[in-house]
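Report on one structure; see the data block that follows.
Computed from the coordinates by the stated procedures, all read-outs in this text should not be read as laboratory data. Note that the structure is predicted; figures quoted are calculated from it, not measured. In this analysis, Cβ positions are derived from the backbone assuming ideal geometry, glycine residues included, and neighbour counts consider all displayed protein chains.
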Ligand SMILES: CC(C)(COP(=O)(O)OP(=O)(O)OC[C@H]1O[C@@H](n2cnc3c(N)ncnc32)[C@H](O)[C@@H]1OP(=O)(O)O)[C@@H](O)C(=O)NCCC(=O)NCCS
């Protein structure tokens with residue numbers, strides 16, 4: 001993981017000077033738009049781009065070749081892998097972990113406290129939410145904290161996920177229910193009578209075994 005970063009003081013100083021920060025100044029490895037703030041003690045991998053009006057909080061780690069759209073927040077101590085795409089208006093709070101190659105659609109919502117109260121501090125009760133490799137979260141979906149979303153699962157737009165999601169599961173609705181299975185490329189899988197499916201996109205093959213997907217090749 002790259003460990004090049006610019007302190008928030010430095011960003012603010014440059015903002016006041018209204019001078020855009022070039023890739024070279026940013027260590028030549030990642031890009032942060034001048035309207036965004038990156039706190040101290042943040043690790044951002046090379047090739048990552050952080051666009052307008054975003055805030056990356058202290059202690060967070062972001063891998064390589066990620067992109068964050070407009071108005072995104074990465075909370076304290078959040079760990080995000082490489083190749084992650086986060087669309088506009090997404091806040092990733094402390095307690096959420098995102099593995100490599102995850103897609104988070106616009107205005108998706110995460111949570112980290114089950115029973116919030118304005119007058120009770122529940123920082124020590126943050127529940128962990130894990131988005132596993134290659135999964136996708138649709139636009140405006142809500143992920144209630146404490147769940148794990150399996151590898152390559154696909155969450156439909158507007159769904160409310162309140163339970164663990166199996167790898168390759170296609171989920172939709174409120175609360176989210178499984179409406180099918182998807183391939184690694186995100187296409188619906190149609191199984192033959194023996195429980196085999198092929199994705200025409202890349203010829204990848206899958207088997208349905210005991211209500212779980214086994215990736216064959
Ligand atoms: C869930 C999803 C993958 C299903 O796509 P699909 O396999 O092509 O499904 P279809 O459009 O054939 O719809 C199948 C059924 O599911 C329903 N459905 C589709 N998407 C739904 C959703 N997000 N929530 C609830 N129901 C949904 C359809 O109304 C249809 O219902 P019916 O059988 O009663 O008529 C897709 O609709 C979706 O939400 N994709 C995410 C898009 C997104 O957020 N992109 C972000 C980047 S822009």
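Each label point was placed 7 Å from the Cα along the Cα-to-Cβ direction; for residue 77 and residue 41 their separation is 1.0 nm.
Of the residues 79, 123, 166, which exhibits the maximal mean-square fluctuation in a Gaussian network model of the chain defined by a 10 Å Cα contact cut-off? Looking only at 79, 123, 166, the largest GNM fluctuation is found for 123. Of the residues 192, 40, 100, the one that moves most in a GNM of the chain with alpha-carbon contacts below 10 Å is 192. Paramagnetic label reach from residue 216 (point 7 Å along Cα→Cβ; backbone nitrogen cut-off under 19 Å): within segment 151-194, residues 168-169, 181-194. Among beta bridges from DSSP that stay inside the chain, the antiparallel ones total about 25%. When 121, 208 are sorted by how many other C-beta atoms sit within 10 angstrom of their C-beta, beginning with the fewest, the order is 121, 208.
With a ≥ b ≥ c the root eigenvalues of the C-alpha gyration tensor of segment 83-217, is it rounded (a/c under 1.5), prolate (a/b larger than b/c) or oblate? Taking the square roots of the gyration eigenvalues as a ≥ b ≥ c, segment 83-217 is prolate. Which value does Rg/Rh take for segment 39-152 over its C-alpha atoms, Rh per Kirkwood? Using only Cα positions, Rg/Rh for segment 39-152 is 0.95.
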